[in-house]
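Chemist: Dumping the structure here so I can ask a few things about it.
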């Protein structure tokens, strides 16, 4: 009887099944976070007057394109063919792009009083809460892409270690 005929142990089930369900859940989160940021930034782009500052519009278009790309990739990577975890470099690159987008969104409010107090009166600089929601969801998206990247790297590393033993197995004859 070979060792491959034995039942999977509890640790094997935990390390092989749970990461797949976790990955699918996080991929759905990536789709949702990207969709929220796409909607919010699209709203602000529609309000933007092009005579003001094209530099800010360029930042927002970068975030909008990244959010749209995240929505598309979040759905594509849910397909069973992409659950092989060998796409982790793409996840890490998109995570870094999202961290840059978060920085751009955070820096865009420079000098605008948002959610503070002027004496005893709360100050809401217009659409501050909506803009801060875009910041928050961009950070959550960056974190989700980074987690899937590291999860994919871990599973590839684990699969490589297990695959090396496959070629050197001994069988009881």
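Chemist: Using a Förster radius of 25 Å, what is the FRET efficiency between residue 61 and residue 107 based on their Cβ-Cβ separation? Nearest 0.05, please.
Modeler: On the way: r = 15 Å, r/R0 = 0.62.
Efficiency for this residue pair is about 0.95.
Chemist: Also, quick follow-up: Taking neighbour counts of Cβ atoms within 10 Å as a proxy for exposure, in what order, fewest first, do 92, 65 appear?
Modeler: Fewest-to-most ranking of 92, 65: 65, 92.
Chemist: Which order do peptides 141-147, 73-79, 93-99 fall in by mean Cβ count within 10 Å, highest first?
Modeler: With the highest mean Cβ count within 10 Å placed first, the list reads 141-147, 93-99, 73-79.
Chemist: Between residue 154 and residue 129, how many nm apart are label points set 7 Å from Cα along the C-beta direction?
Modeler: Reported label-point gap for residue 154 and residue 129 is 3.6 nm.
Chemist: Using label points projected 7 Å from each Cα along Cα→Cβ, tell me how many nm separate residue 82 and residue 100, to one decimal.
Modeler: 2.0 nm
Chemist: For 157, 60, what ranking results if the residue with the fewest other Cβ atoms within 10 Å of its Cβ goes first?
Modeler: Numbers: 157 12, 60 19.
Ranking 157, 60 by Cβ neighbours within 10 Å, fewest first, gives 157, 60.
Laboratory data are not the source of any read-out in this text; all were calculated from the coordinates shown. Given the structure is predicted, the values throughout are model-derived calculations rather than measurements. Neighbour counts run over all protein chains shown; Cβ positions are idealised from the backbone, glycine included.
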